[in-house]
Amino acid sequence: MCEHQRPSHRIGTCCLLCLLLLLLFTCQRVKADVSIDDLRLSFHPSPNVQRDTNVTIKCHASVSRSSGFSSPQYAFSIKKDNKELHRTLSTSNTYDYPIEAARVSDSGSYQCFLSIEGKSRSSEREKLKVTGTHKAVIRVDRSSIQEGDEVTVTCAAPGERGSFIFFFYVDNKEVRNNESSSEEYSVQLRLKHSGPNNLTCDYTIRLFSESVPSAISRQAIVVVREIDISVLLTISPSMTIIEADNFSVSCMVNSPNKSESVLLIKGSNILSTGKGKTDYGQTAGTGHSGEYMCKVEINGVFKIDKKMLTVKELFSRPTLTSSPPEAFEGDFIRLSCQSTNVSLESIRKEIKYSIFKDGNRRSINNENGQMTARAGPSADGNYTCLAEAKLISKESPVIVIRSKVLASKPEISVKDKVILDRPFQIQCKSNGTLPIKYTLFEDDKVVYEKTVHHPREEALFATSISRKEHIHKFLCRAQNSPRVHVSSQPLKAFVVEPLGKPLLTTLPVPDNVEEGSELILICNVPSGTPPITFKWYWDSSSSKAHLHTSTVNANSSYHTIQWMERMDSGEYFCEAVNPANNVKSDPVTIHVKLASWKKVLIGAIFLLVVIALILVFIVRCRAKRGKREAATELSVKPASPKSDDSLAVNMGLDTPFLNKDAVSHLDAMEGNAANGT
């Protein structure tokens, strides 16, 4: 029985698996057939509304889906300024989000988001603007306080929401500002001015990208009652005194309870303190002039009294002068110390003047404060003077005395080589205290002037001369004192004259140079300063060579070529050099001729050749004539076979039976005859 049930069980299992696969395939097909076509956000009644308007944010979606598909779940969310505001699930393609009694803080950029079956979409950003704020409201806990007390001030933004900054004002001047997320904020203020104080406030609402201010509140008046306390500052004997007088300053608190701490202040220095009263006294000096202040503090409230003390100089700060202001070594210097302003004529003669050099007292004079010294190294130094009377002493500013040294006799020289008709520099140099004025003279006429101010500066003058003797016409003068000047000796310097164009001559003359002969090249310059370096060159079409160099203290020099060859033909020239210039001669062309003995030998050989040719010609002519005579003789004699010669003579060349060997033999005979054999 069990065996019959097994096949049906297998069939059921297969059917169940097929059904599950069909359901999965159907679900995937449904998901793939849902599409969010559009998503829009809008504001109703308008994106621009007034405060207290009820606003609805609408999110509307357009969705496409396959037929037979049930309504999907719509997951809506709304963001304001990139922060999520609300999230919900709905079966409708439209979602409304209400904002009741809109406030400025509701202004911002809104965006709607939708998610369906794993697919999502966002709307475009839309802006909502709400205008209008409630006027700020100010409250104070008291309308009257005593000086030094605090008042609690509250600023409110009724019905507003968001992030606030509250501003508090006293008499239209901002005194505090604070941030708060609450619609009201309280501060403690200490009012500094006695009498009525006008308090106001306002606020701003902070949005994502801007702040919206409110209207300012009404005024709240708080009256500050002054504390029944005062301070009194007195200066005796007077507020205008003279140096060396004694003075005192008294500071007192006027209050029922005289236990308050009082301060006596001058500038930033506290001179004295005390409970209820303080005093300060000194012998007056010019440094005591100024404003004195009496000050007391009670509960953060300051009571102040101020007075100005003027201290006149008993005598002014002395001035030390030297006459003359600049002295040269050996001159007398008079130092004078004097206070120009004296308050009391009666003490003028009581003022004692002392003169110091480098901190050491040098002179005491009760009348005119004068001292005399001779300028020189021993008198050089830093000088001051001191004026004293009635325990008051004043020191003058420092003056520095440095004795000047007169300019020494100047030295005149040239900075570089002197070449005729070319610029060169003349230097004048003198020892003495700078500045030194240098003047260059030529023939007692001023040519140039220059003042040297610094040790490394030089007195240089550019000029030129056309003749050697003109160099001695220059001299210079040095002067650093209006009373004295010194002059140099006339200028002495070596003058270089430029070289004239050199002339190259030869011995023998260029047309008479033969092979094997000696050639002397003479280079001469018409003008120029020695030493002069002479150089000789040879130039041909194929090569160029430097022959010789010679330096002499003369205007000419020579070079000898001991043995001339035919290959030495070409152009010869010389060059002259001195410190002024380099000059070249014109080239001289030399053709080296054949030696005389070679000419005679060649002539003799030629003559011998001619004679030999003549002799050969004569011999040949005779030989030919002898052959003709012999032929004639043979032709007239009878035939006779006596010998080979007779046979040959009798047989002419035209003989028919004469063979080639015979002809050759005859030619050989003729040749022997021609040679005389």
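With the structure loaded, tell me whether Val619 is surrounded by 12 or more Cβ atoms within 10 Å (Cβ to Cβ), outside the structural domain of Val525 (by TED's automatic domain parsing) and either aromatic (Phe, Trp, Tyr) or more than 30 Å from Leu503 (Cβ to Cβ) (or both) or whether it fails that test. Answer is yes for this residue. Residues of the range 281-309 that are in a loop (DSSP other than H, G, I, E, B) and under 15 Å from Ser236 (Cβ atoms): Ala284 alone. Restricting attention to the range 15-62 and to residues that are charged (D, E, K, R) and either assigned to a strand (DSSP E or B) or within 25 Å of Ser90 (Cβ to Cβ) (or both), the residue that is modelled with the lowest pLDDT turns out to be Arg29. For the range 222-241, enumerate the residues that are modelled with pLDDT under 90 and touching a strand residue (DSSP E or B) at 6+ places or on another chain (Cβ under 7 Å). Within the range 222-241, Val222, Val223, Val224, Arg225, Ile227, Ile229, Ser230, Val231 meet the criteria. For the range 401-419, the set of residues classified as in a loop (DSSP other than H, G, I, E, B) and either in contact (Cβ under 8 Å) with a residue 24 or more places away in the chain or within 30 Å of Pro325 (Cα to Cα) (or both) consists of Arg402, Ser403, Val405, Leu406, Ala407, Ser408, Lys409, Pro410, Lys415, Lys417, listed by residue number.
Starting from residues that are basic (Lys, Arg) and over 60 Å from the mean Cα position of the chain (by Cα), keep the ones in the range 184-235 and report whichever is surrounded by the most Cβ atoms within 10 Å (Cβ to Cβ). For the range 184-235, the residue satisfying everything is Arg225. Taken over the range 33-78, residues that are within 30 Å of Ser214 (Cβ to Cβ) and either without any contact (Cβ under 8 Å) to a residue 40 or more places away in the chain or touching an Asp or Glu at 6+ places or on another chain (Cβ under 8 Å) (or both) amount to 12. Is at least one residue of the range 500-514 hydrophobic (A, V, I, L, M, F, W, C), assigned to a loop (DSSP other than H, G, I, E, B) and closer than 21 Å to Asn553 by Cβ? No, because not a single residue in the range 500-514 is hydrophobic (A, V, I, L, M, F, W, C), assigned to a loop (DSSP other than H, G, I, E, B) and closer than 21 Å to Asn553 by Cβ. Selection of the range 250-278 for residues being in contact with a Leu (Cβ under 6 Å, 6 or more places away or on another chain) and within 15 Å of Ser289 (Cβ to Cβ) yields only Leu271.
Quick check on Ala379: is it among the small types (Gly, Ala, Ser) and within 24 Å of Leu335 (Cβ to Cβ)?
Yes.
In the range 481-495, of all residues being among the polar types (S, T, N, Q) and assigned to a loop (DSSP other than H, G, I, E, B), the one that is farthest from Val452 (Cα to Cα) corresponds to Gln489. Looking at this structure, is Gln73 farther than 30 Å from Ser194 by Cβ, buried (at least 17 other Cβ atoms within 10 Å of the Cβ) and in contact with a strand residue (DSSP E or B) (Cβ under 8 Å, 6 or more places away or on another chain)? So Gln73 fails the test.
Here are Asn366, Asn382, Asn341, Asn360: which of them is at pLDDT 90 or above, of a type in the set (S, T, N, Q) and outside the structural domain of Met239 (by TED's automatic domain parsing)? After ruling out the rest, the residue left standing is Asn382. Val513 meets the stated requirement of being buried (at least 17 other Cβ atoms within 10 Å of the Cβ), among the aliphatic types (A, V, I, L, M), in the same structural domain as Trp563 (by TED's automatic domain parsing) and at pLDDT below 95. In a residue-by-residue description of the range 249-265, the property of being within 30 Å of Glu350 (Cβ to Cβ), modelled with pLDDT of 90 or more and loosely packed, with under 13 Cβ neighbours inside 10 Å applies to no position.
Each row is one residue, and each column tells you yes or no for (1) in a strand (DSSP E or B); (2) over 30 Å from Ser64 (Cα atoms); (3) not hydrophobic (A, V, I, L, M, F, W, C).
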| residue | (1), (2), (3) |
| --- | --- |
| Tyr95 | yes, no, yes |
| Glu124 | no, no, yes |
| Arg142 | no, yes, yes |
| Thr154 | yes, yes, yes |
| Gly159 | no, yes, yes |
| Phe168 | yes, yes, no |
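Would you say Leu406 is closer than 29 Å to Cys337 by Cα, hydrophobic (A, V, I, L, M, F, W, C) and outside the structural domain of Cys476 (by TED's automatic domain parsing)?
Here the answer is yes, as Leu406 does meet what is asked.
Counting only residues that are crowded, with 18+ Cβ neighbours inside 10 Å and either assigned to a loop (DSSP other than H, G, I, E, B) or modelled with pLDDT under 95 (or both), the range 462-474 holds 2 of them. In summary, Ser123 fulfils each of the numbered conditions (1) crowded, with 16+ Cβ neighbours inside 10 Å; (2) without any contact (Cβ under 8 Å) to a residue 60 or more places away in the chain with the single exception of condition (2). Taking the stated definitions as given, is Ala156 at pLDDT 95 or above and buried (at least 16 other Cβ atoms within 10 Å of the Cβ)? Criteria met by Ala156.
Once the range 393-413 is narrowed to residues that are over 43 Å from the mean Cα position of the chain (by Cα) and basic (Lys, Arg), the residue that is surrounded by the most Cβ atoms within 10 Å (Cβ to Cβ) is Lys394.
Where strands (runs of 3 or more DSSP E) sit wholly within the range 330-400, those with at least 1 residues that are among the basic types (Lys, Arg) occupy 332-338, 352-357, 360-365, 370-374, 392-395. Among the residues of the range 414-433, those that are closer than 11 Å to Ala459 by Cβ and surrounded by fewer than 17 Cβ atoms within 10 Å (Cβ to Cβ) comprise Lys415, Gln425.
When restricted to residues that are among the charged types (D, E, K, R), assigned to a strand (DSSP E or B) and within 21 Å of Arg142 (Cβ to Cβ), the range 178-211 contains 2.
A Cβ distance below 6 Å, combined with a sequence gap of six or more or placement on separate chains, defines the contacts here; from the range 157-178, residues that are closer than 24 Å to Gly132 by Cβ reach residues that are assigned to a loop (DSSP other than H, G, I, E, B) and of a type in the set (Ser, Thr, Tyr) in the pairs Ser163/Ser181. Considering the conditions (1) among the basic types (Lys, Arg); (2) under 27 Å from Val496 (Cα atoms); (3) modelled with pLDDT under 90, Lys584 is excluded by exactly one of them, (3).
When the test is whether a residue is surrounded by 16 or more Cβ atoms within 10 Å (Cβ to Cβ) and more than 30 Å from Tyr353 (Cβ to Cβ), Asp305 passes it.
The values are calculated or read from the model by the stated rules, or taken from the named source; none is laboratory data. What you see is a predicted model, and the numbers here were worked out from it, not measured in a lab. With ideal geometry, Cβ positions are generated from the backbone for all residues, glycine too; neighbour counts draw on all protein chains shown.
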